[in-house]
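A short worksheet on the structure shown next.
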Amino acid sequence: MISIYDLGINLNKSELITIVGAGGKTSIMFNIAEKLAEIKKKVLLTTTTKIFKPNKKNIKMYIGESKNLECFNENIIVAGSKIIEKNKIKGYSNSDIDTIFSKKIFDYIIVEGDGARRKSIKAPRENEPIVPISTNILIGVIGMDAYGENVTEDNVFGLKEFLKITGKKKHEQIDINDIRKLIVNPEGLFKYRGGKNILVLNKVNEYNLDVSNKIKIYIENNYIDFINKVIKVEEL
């Protein structure tokens, strides 16, 4: 999975990390948190939208007002304001998260700032993603298993926006140019940004490895200056 060192996380001061896009955000969030906990860091996991309740027994969950988070000392806490439909947790507002971060209660806060209904690729809608102002590192995720899939509501979250950004038509296949456009378009994956912006090409496998390599080279060789690093993560 992802190395906290590859992400450039500062291990000497608190940071707020926001994850957007689609194709494995929640798994990446927990993976980063567990690695930080291994080195005795205190981590809050939350969302500005909603996430599924975790099924990990070793992780503390808190539901309630953000002001009460000061009472917890566990290494990893998943927190939200309330439980909503389908076993999901509703998170906190941007201002709530910025306030929590300013108090330095946690070494790190990791925020899921986008919903994608477990689809692998997403174009943000009008009011998405929801990124706290204090975000130090923004991680934009694309599930590379979307490559070669048809452009339909079943495969793409934010279909109307995806069609607009890519110029694609419904039922055509998602190709390398569509993914590139989604990454670099001002209304695409990095519509809102952090102090540092990381592109994660997730679920890389034998089928999409060449395409993933070409996207990485394209970003690096064309000096897409708002993207600080490209990381490929192999499918498990």
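GluC sites (Glu not before Pro), restricted to the stretch 58-130: which are DSSP loop and have at most 15 other Cβ atoms within 10 Å?
Working: sites: E65, E70, E74, E85, E112, E126; in loops: E65, E74, E126.
Loop-located and lightly packed - E65, E74, E126.
Among the aspartates and glutamates, which fall within straight-line cross-link reach of K82, defined as a Cα-Cα distance under 18 Å, with same-chain neighbours fewer than 8 residues apart omitted?
Hits, sequence-local ones excluded: E65, E70, D96, E112, D114.
Mind jotting down the distance between the C-alpha centroids of the stretch 120-196 and the stretch 31-48, whole Å?
The stretch 31-48 and the stretch 120-196 have Cα centres separated by 26 Å.
Output the pairs from K122/K216; K40/K196; K60/K104; K13/K119 with a Cα-Cα distance over 26 Å in this structure; if there are none, say none.
Violating the 26 Å Cα-Cα cut-off are K13/K119.
Let me check I have the definition right: for the chain, take the eigenvalues of the Cα gyration tensor, multiply each by 5, take square roots. What are those semi-axes in whole Å, largest first?
29, 19, 16
What is the angle, in °, between the Cα long axis of helix 209-221 and the longest principal axis of the Cα atoms in the chain? Nearest 10 is fine, range 0 to 90.
Taking Cα atoms only, the helix is inclined about 80 degrees.
With just the Cα atoms defining each centre, how far is the stretch 1-15 from the stretch 59-100? Give it in Å.
22
Which of the trypsin sites (Lys or Arg not before Pro) found in the stretch 74-118 are loop residues per DSSP with 13 or fewer other Cβ atoms within 10 Å of their Cβ?
Sites meeting the loop and neighbour criteria: K103, K104, R117, R118.
Sort 197-204, 37-44, 129-136 by the packing proxy (mean of other Cβ within 10 Å over each peptide's residues), most packed first.
Descending mean neighbour count gives 197-204, 129-136, 37-44.
Please list, in order, the residues from the stretch 128-169 whose amide nitrogen is less than 19 Å from a point placed 7 Å along the Cα→Cβ vector of S93.
Residues 128-135 qualify, since their backbone N sits under 19 Å from the label point.
We did not get these values from a lab; they are worked out from the coordinates using the rules stated. Given the structure is predicted, the values throughout are model-derived calculations rather than measurements. Using ideal geometry, Cβ is built from the backbone for each residue, glycine included, and neighbour counts are taken over all protein chains shown.
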